[in-house]
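**Student:** Next up is a structure, given as structure tokens.
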Amino acid sequence: MNNLDLGEVAAVFARSSDFTVGLEEEFQLLDPATLDLVPRFEQLRSAAEPDAALRAAIAGELISSEIEIISGVGSDLHEAVVRQRDRRRRIFEFVHAHGVELGATGTHPWADYRAQRIIDTEHYRRVEDGLRYVAWRNNTFSLHVHVGVRDIDRAVRVCDRLRPVLPLLLAVSANSPYLDGRDSGLHSARTQSFTRSFPRCGIPDAFGGWEAYRDYIDFLLRTRSIVEFTQVWWSVRPHFAFGTVEVRICDAQSTAAESEALASLIVACVAQAARDIDERVPFVDPPQRLIEENMWRAIRFGLDGRMIDLHAAEEYPAAEIVERLAAWTAPVRAELGIELSFPARNGAQRQRAMIDAGADPGEVFAAAIEETRATYPRYPEEVRA
């Protein structure tokens, strides 16, 4: 589908199947000895070209020191996870054979963004030309989850219902205390660097349905603000080419189990939002200014802080987020067979505990890299063994 053909979008979503899943995990390309970022994506992509399985598993993502492992379309969450595990194994073996380590935190602790190079594709040339410093500054790494949602009007309304959920997912995923070689004092410096900087990013407006969303995209096109829909970088968006709701709020995860747990939670939230719409469960769109209060709390304190129940106007411990989302999504999780299992502390909490104990950035990052090395290339049962 042509990115600009808004008339085709409804047809794409009409063909979509509910709750198919695609996973996209962004990894740092690192020197194994120094753990510095290394610009090797183009070389790796060329080396992978003769192998169809490798080609299908990787994509570029802005800078040459980054690689994305993609699952492709799974008929459900379970199939997508199985596909992603196989592709991770292949890619980890492949990059290690080429002298590269993979890292999975939301930011690299000490990399100088001025030393990074944008990859040479038409899309990212357009991004760099349009954004300049904002693009150069964005050396961040994330987890994106696509969930199939039939009907574009319904998909937009699912995005609306997920607006107040986004800060909660961010707090659970927070995994980036460092930026520019110093402790930022934040739990998700990635969000402050990327989401607060890019245009048309972060928490979207509530649109109410496809007609208003289409008018918005049409306005951006007519005013030459964008030339393709992927220049709308909202933290949740309908993906016009795939017929999915794409959730883009989360930091990259240092362990495979956490990445899969987050994907499971995201799929459950999207599916429950769709079910609530189908069953006409009442919902009032919270004002942007109230959601932003929780966004800041998620960025600053992650799961160590307190969030706001926007309906009750009361605080609660952020540590209760998973329990609260699990309760909301229980009906659809039972239907889809989705279980949730998170560690006692998330990535930012583990890193901050080391920082508080006096570890330097190199030691903290090395510990996170060891978690990635020990979990992503192997299935969970192999890790337990």
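The values are calculated or read from the model by the stated rules, or taken from the named source; none is laboratory data. Note that the structure is predicted; figures quoted are calculated from it, not measured. Every residue, glycine among them, receives a Cβ derived from its backbone with ideal geometry; neighbour counts consider all protein chains shown.
**Student:** Would you confirm whether or not the stretch 243-264 contains a residue that is modelled with pLDDT of 95 or more, part of a loop (DSSP other than H, G, I, E, B), surrounded by 24 or more Cβ atoms within 10 Å (Cβ to Cβ) and aliphatic (A, V, I, L, M)?
**Tutor:** yes
**Student:** If a residue has to be within 14 Å of the chain's Cα centre (by Cα) and hydrophobic (A, V, I, L, M, F, W, C) to count, how many in the stretch 226-255 make the cut?
**Tutor:** So the count comes out to 8.
**Student:** Residue under question is residue 320, and the condition is that it be surrounded by 12 or more Cβ atoms within 10 Å (Cβ to Cβ) and within 20 Å of residue 252 (Cβ to Cβ); does it hold?
**Tutor:** no
**Student:** Let me ask something additional. Looking at 107, 34, which is the one that is at pLDDT 95 or above, under 22 Å from the mean Cα position of the chain (by Cα) and among the β-branched types (Val, Ile, Thr)? Don't jump to the end; show me each part of the working.
**Tutor:** Details: 34 fails: under 22 Å from the mean Cα position of the chain (by Cα).
So the residue among 107, 34 that is at pLDDT 95 or above, under 22 Å from the mean Cα position of the chain (by Cα) and among the β-branched types (Val, Ile, Thr) is 107.
**Student:** While we're looking at this one, here's another question. When you scan the stretch 298-309, how many residues do you find that are within 14 Å of residue 165 (Cβ to Cβ) and either of a type outside the set (Gly, Ala, Ser) or not in a helix (DSSP H, G or I) (or both)?
**Tutor:** Of the residues in that region, 3 qualify.
**Student:** Moving to a separate point now. Check whether at least one residue in the stretch 125-132 is closer than 17 Å to residue 59 by Cβ, at pLDDT below 95, charged (D, E, K, R) and out of contact with any strand residue (DSSP E or B) (no Cβ under 7 Å at 6 or more places or on another chain), and report yes or no.
**Tutor:** Within the stretch 125-132 (the criterion being closer than 17 Å to residue 59 by Cβ, at pLDDT below 95, charged (D, E, K, R) and out of contact with any strand residue (DSSP E or B) (no Cβ under 7 Å at 6 or more places or on another chain)), the answer is yes, since at least one residue qualifies.
**Student:** Go through (1) part of a helix (DSSP H, G or I); (2) of a type outside the set (Phe, Trp, Tyr); (3) over 21 Å from the mean Cα position of the chain (by Cα) for residue 312 and report which single condition fails.
**Tutor:** The single condition residue 312 does not satisfy is (1).
**Student:** On to the next question. Determine which single condition residue 344 fails, assuming it passes every other condition in (1) hydrophobic (A, V, I, L, M, F, W, C); (2) part of a loop (DSSP other than H, G, I, E, B); (3) in contact (Cβ under 8 Å) with a residue 40 or more places away in the chain.
**Tutor:** So the condition that residue 344 fails would be (3).
**Student:** Here is a further query. Would you say residue 358 is in contact (Cβ under 8 Å) with a residue 40 or more places away in the chain, over 20 Å from the mean Cα position of the chain (by Cα), over 20 Å from residue 250 (Cβ atoms) and surrounded by fewer than 16 Cβ atoms within 10 Å (Cβ to Cβ)?
**Tutor:** Answer is no for this residue.
**Student:** Still on this structure, please answer the following. If I filter the stretch 66-76 for residues that are touching a residue at least 60 places away in the same chain (Cβ under 8 Å) and under 18 Å from residue 372 (Cα atoms), do I get at least one hit?
**Tutor:** Within the stretch 66-76, one or more residues are touching a residue at least 60 places away in the same chain (Cβ under 8 Å) and under 18 Å from residue 372 (Cα atoms).
**Student:** From (1) modelled with pLDDT of 95 or more; (2) crowded, with 22+ Cβ neighbours inside 10 Å; (3) assigned to a helix (DSSP H, G or I), pick out the condition that doesn't hold for residue 275.
**Tutor:** Evaluating residue 275 over (1) modelled with pLDDT of 95 or more; (2) crowded, with 22+ Cβ neighbours inside 10 Å; (3) assigned to a helix (DSSP H, G or I) leaves (2) as the failure.
**Student:** Another question, if that's okay. Please give the number of the condition residue 135 fails out of (1) among the small types (Gly, Ala, Ser); (2) at negative phi; (3) assigned to a loop (DSSP other than H, G, I, E, B).
**Tutor:** Going through the list (1) among the small types (Gly, Ala, Ser); (2) at negative phi; (3) assigned to a loop (DSSP other than H, G, I, E, B), residue 135 breaks only (3).
**Student:** Within the stretch 116-132, how many residues are out of contact with any helix residue (DSSP H, G or I) (no Cβ under 8 Å at 6 or more places or on another chain) and in a loop (DSSP other than H, G, I, E, B)?
**Tutor:** The qualifying residues number 3.
**Student:** Identify, from the list 367, 348, the residue that is surrounded by 19 or more Cβ atoms within 10 Å (Cβ to Cβ) and over 28 Å from residue 20 (Cβ atoms). So that I can check it myself, show each step before the final result.
**Tutor:** Numbers: 367 fails: surrounded by 19 or more Cβ atoms within 10 Å (Cβ to Cβ).
Every option except 348 fails the conditions.
**Student:** Which one is nearest to residue 376 (Cα to Cα) among residues in the stretch 104-122 that are among the hydroxyl-bearing types (Ser, Thr, Tyr) and surrounded by 14 or more Cβ atoms within 10 Å (Cβ to Cβ)?
**Tutor:** 105
**Student:** Scan the stretch 194-221 for residues that are closer than 23 Å to residue 105 by Cα, buried (at least 23 other Cβ atoms within 10 Å of the Cβ) and either over 15 Å from the mean Cα position of the chain (by Cα) or of a type in the set (S, T, N, Q) (or both) and jot them down.
**Tutor:** 195 - this is the single residue of the stretch 194-221 that is closer than 23 Å to residue 105 by Cα, buried (at least 23 other Cβ atoms within 10 Å of the Cβ) and either over 15 Å from the mean Cα position of the chain (by Cα) or of a type in the set (S, T, N, Q) (or both).
**Student:** Among helices (runs of 4 or more DSSP H) lying entirely in the stretch 1-103, which contain 1 or more residues that are of a type in the set (Asp, Glu) and under 17 Å from residue 378 (Cα atoms)?
**Tutor:** 77-97
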